[in-house]
Amino acid sequence: MITLGINAAFHDSAAALVVDGRTVAAAEEERFTRIKHGKRPVPFSAWELPFHAIDFCLAQADITLADIDHVAYSFDPKEFLGDRLPMDTAVMTLPLQPSAHRACGWESPWDPLFAAYILNAPRQLLDGAPHHLRRRMLAVRDRVRYRWHFVKHHTCHQASAFLAAPFARCAVMTLDGRGEHATTTYGAYRDDRYRALGEVSMPHSLGMLYERITTHLGFLHSSDEYKVMALAALGTPTQRDALAAHVHVERDGQFRIDEMDFTALFGPPRVPGAPMEQQHLDLAASLQDVLEDTVLALASWLREASGERHLAMAGGVALNCVMNARLRDSGMFDAVWIQPAAGDAGTALGAALWVDARERCATVSPDHAVATEGIALADRRWTMEHAYLGPGCDDAQVEALLRWAKLPYRRADDIAEATAELLAQNKIIGWYQGRMEFGPRALGARSILASPIDPAMQARLNELKDREDFRPVAPAVPEEALDRWFSPSDANGGRSPFMLFIYDVRPGQGARIPSACHTDRTARVQTVSRDTNPRFHAVLQAFGRRTGVPVLVNTSFNVRGEPIVCTPRAAIEAFHSTPLDALAIGPFIVEKQG
């Protein structure tokens, strides 16, 4: 059974392919088009499907669209429309200039166009592919065999968590901006059954609140929220009470957020690019405090409502690693697992996993599929041990490109040792190895690596990537060395493979890795396993043998405003357009002269 998952309704367009319960491929559209987030989350872009990501997924399995059994789309227009427009109605009214008209029963005057685009996604998949990608699409035109499934957006977020987490049973919580109407959902997974426990609907949204304050602080909403999280560490939550007075946690996992005039409460919005003042830092810190307190209260209710000791999370808000760490350290749950592609890209994976589990269940045991309590699913056959689900490139292709570009290079006898030697010389390395990561974090496949020992390295990296000075960088450490450098080292089984939790730097160790520490002596840590990324693990060990510090700074291989590099060509272009010292690409080393 082959299931293609698609996310396209808002932003972070993506595709994923699941075959008989196992994920074969997953990738964001931005990695191929080089447009950050794939597209903007506006209603008149909802028609755009992630054709490049779809083509990659099909190619990875060496199939065409004609071989697909199910297509799962991570938004349900029927849920979105509700009783505002029955699905059997053939006509909806759309003014030529929607923004010049009142909503007339819709949340936005653009909603009819948005809904029409999504309803017609099945036709767009058949007819809308760019010419250079049509080979894998055209075969289906005369013999469509797949079934199309519109799946609720938050169901997809939930499935991306509990059908990927290393738990046989768990509570599930997803928090984002919005889906069709839901902004927060709760559930429980046990004995191959999923039970919904409740949801919060628009306009009450923690994700939207964070987005709005991100905009007020002069950053891009649905893009720069992680910058606000970084700013929070530099501020004092002086506005916490003023903000918290408008966020009300209620019974049964519900919360309510009042309408707010941010200018009246917090002063005029910061102009993008203007100097960052203390009031901006304090507002970021206040927002972070209110978010954490609210989510901990919701999680406490979920712990009791579900009766579960493990928690799986997804949704864009779950990318907030400071919040995640506080939840981890609360003791509420024995372990917390976050989907590495927690944002909307992950709903492509969640949609595919959900439909696969439902359809395999119905095929193997139709009676079991009709559950008396919750929704019955097929047995799980896959756990997301790593995020290396994207495109790769073999060594022969890399070498052919290097020769074609007339670049001087050398083949290293041991790429890990050669890279560690350069890093020990305080050089900054572009690291391009294996299959690319799925999700927003670079995890040792498309990374920029550097020594954390030099106190000036953070500033060097921010200048190289054209980033704001306040932006921290994160450390990677071998899984088995975590306890010597960071705490709590026993949390979540001593693993943090997706860089989604912060840790305290152990006393005495901060001075040895100054560029990997935040100002509050914490760090957003990635643990690296020999089993899931042996080459990156070997670099860390080799660097440790040379320096006594088996820790490296790991940041994404890109510059501001661009997606992480995907192809060898993109890696070479980024290498030559930045002050990187060397590029380790496959078994080859490319160095700049002079």
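Close amide-amide hydrogen proximity is noted between Ile502 and Ala325, each under 5 Å apart and 5 or more residues distant or on a separate chain (H modeled in the peptide plane; Pro and chain starts excluded).
In terms of the Cα gyration tensor, with a ≥ b ≥ c the square roots of its eigenvalues, is the range 1-84 rounded because a/c is under 1.5, prolate because a/b exceeds b/c, or oblate? Here the range 1-84 falls in the oblate category.
Computed in the context of the full set of protein chains, the accessible area of the range 420-497 at 1.4 Å probe radius has 48% of its extent on carbon or sulfur. Listed peptides 346-358, 497-509, 112-124 appear in the order 346-358, 497-509, 112-124 once ranked by packing, highest mean of other Cβ atoms within 10 Å at the front. Considering only Pro237, Gly177, His216, and ranking their Cα positions along the charge dipole of the range 114-242 that arises from unit charges at the beta-carbon of Lys, Arg, Asp and Glu, the one farthest toward the positive end is Gly177. On the beta carbon distance between Arg135 and Arg40, with R0 = 25 Å, the FRET formula returns roughly 0.30. Less than 5 angstrom separates the built amide H of Ala582 from those of Ile428, Gly430, all sequence-distant by 5 or more or on a different chain.
Distance between the modelled labels on Arg411 and Asp395, one decimal in nanometres: 0.6 nm (7 Å Cα→Cβ projection).
A cut-off of 5 Å between modelled amide H atoms, ignoring neighbours fewer than 5 places along the same chain, links Gln239 with Ser286. Here Ser496 sits with roughly 0 square angstrom of accessible surface, probe radius 1.4 Å.
Mind checking the per residue accessible area of the chain for me, 1.4 Å probe, whole number of Å²?
40 Å²
Mind running the shape call on the range 302-457? Use the C-alpha gyration tensor, a ≥ b ≥ c as the square roots of the eigenvalues: rounded below 1.5 for a/c, prolate if a/b tops b/c, oblate otherwise. Oblate is the answer for the range 302-457, as a/c is 1.5 or above yet b/c matches or exceeds a/b.
Partners of Lys427 within straight-line reach, counting aspartates and glutamates whose Cα lies under 12 Å from its Cα and excluding those fewer than 8 residues away in the same chain: Asp454, Asp581, Glu591.
Counting only DSSP beta bridges with both residues in the chain, what percent are antiparallel, rounded to the nearest 5? Antiparallel bridges: around 70 percent, rounded to the nearest 5. Across the range 216-339, Cα pairs under 8 Å and at least six residues apart give a relative contact order of 30 percent. Multiplying the residue separation of Tyr226 and Asn120 by 0.36 nm and removing their Cα-Cα distance gives an extension gain of 34.8 nm.
Here the Karplus curve 6.51 cos²θ - 1.76 cosθ + 1.60, taken at θ = phi - 60°, turns the phi angles of the range 504-510 into couplings of 7, 7, 5, x, x, 8, x Hz, with x standing for Gly and Pro. Would you list which lysines come within 19 Å of Lys78, measuring only between C-alpha atoms, while excluding same-chain residues fewer than 8 positions from it? List returned: Lys152. The shape of the range 1-152 can be summarised by an equivalent ellipsoid whose semi-axes, obtained from the alpha carbon gyration tensor, come to 29, 17, 14 Å from longest to shortest.
Taking every DSSP helix (H) stretch of at least 4 residues in the chain, weighting each as -39,500 (n - 2.57) and dividing the sum by the residue count yields a mean residue ellipticity at 222 nm of -9000 deg cm²/dmol. Among 557-563, 339-345, the peptide with the highest mean count of other Cβ atoms within 10 Å heads the list, and the full ranking is 339-345, 557-563. Please say if the range 436-553 is rounded, prolate or oblate, where rounded means a/c under 1.5 for a ≥ b ≥ c the square roots of the C-alpha gyration tensor eigenvalues, and otherwise the choice is prolate for a/b larger than b/c and oblate otherwise? Since a/c stays below 1.5, the shape of the range 436-553 is classed as rounded.
Given charges of +1 on the Cβ of Lys and Arg and -1 on the Cβ of Asp and Glu, with all other atoms neutral, how large is the dipole of the range 188-288 about its Cα centre, in debye to the nearest 20? Provide the component values of the computation, followed by the final result.
Working: 9 positive and 14 negative charges, 33 e Å.
About 160 debye.
Computed 3J(HN,Hα) for the range 9-21, one whole-Hz value per residue from the Karplus formula 6.51 cos²θ - 1.76 cosθ + 1.60 where θ = phi - 60°, is 5, 10, 9, 6, 3, 7, 9, 9, 10, 10, 10, 6, x, glycine and proline marked x. Measuring nothing but how far apart in sequence close Cα pairs (under 8 Å, 6+ apart) lie, relative to its length, the range 472-594 scores a relative contact order of 26 percent.
When only the Cβ of Lys, Arg, Asp and Glu is charged (+1, +1, -1, -1), the dipole of the chain relative to its Cα centre reaches about 1220 debye. Rg and Dmax of the range 245-318, both derived from C-alpha coordinates alone, stand at 16.0, 49 Å. Compared with the alpha-carbon gap, the fully stretched path from Asp454 to Arg530 is longer by 24.7 nm at 0.36 nm per residue. Accessible surface of the range 131-245, 1.4 Å probe: 50 percent of it comes from carbon and sulfur atoms. Taking every C-alpha pair closer than 8 Å and separated by at least 6 residues, the mean separation divided by the residue count of the range 13-152 gives a relative contact order of 31 percent.
The values are calculated or read from the model by the stated rules, or taken from the named source; none is laboratory data. Keep in mind the model is a prediction, meaning the values are calculated, not measured. Here Cβ is always computed from backbone atoms with ideal geometry, including for glycine, and neighbour counts include all displayed protein chains. Quick note on the areas: whole protein, heavy atoms, side chains included, nothing else; ligands and nucleic acids left out. Shrake-Rupley method; radii C 1.70, N 1.55, O 1.52, S 1.80 Å.
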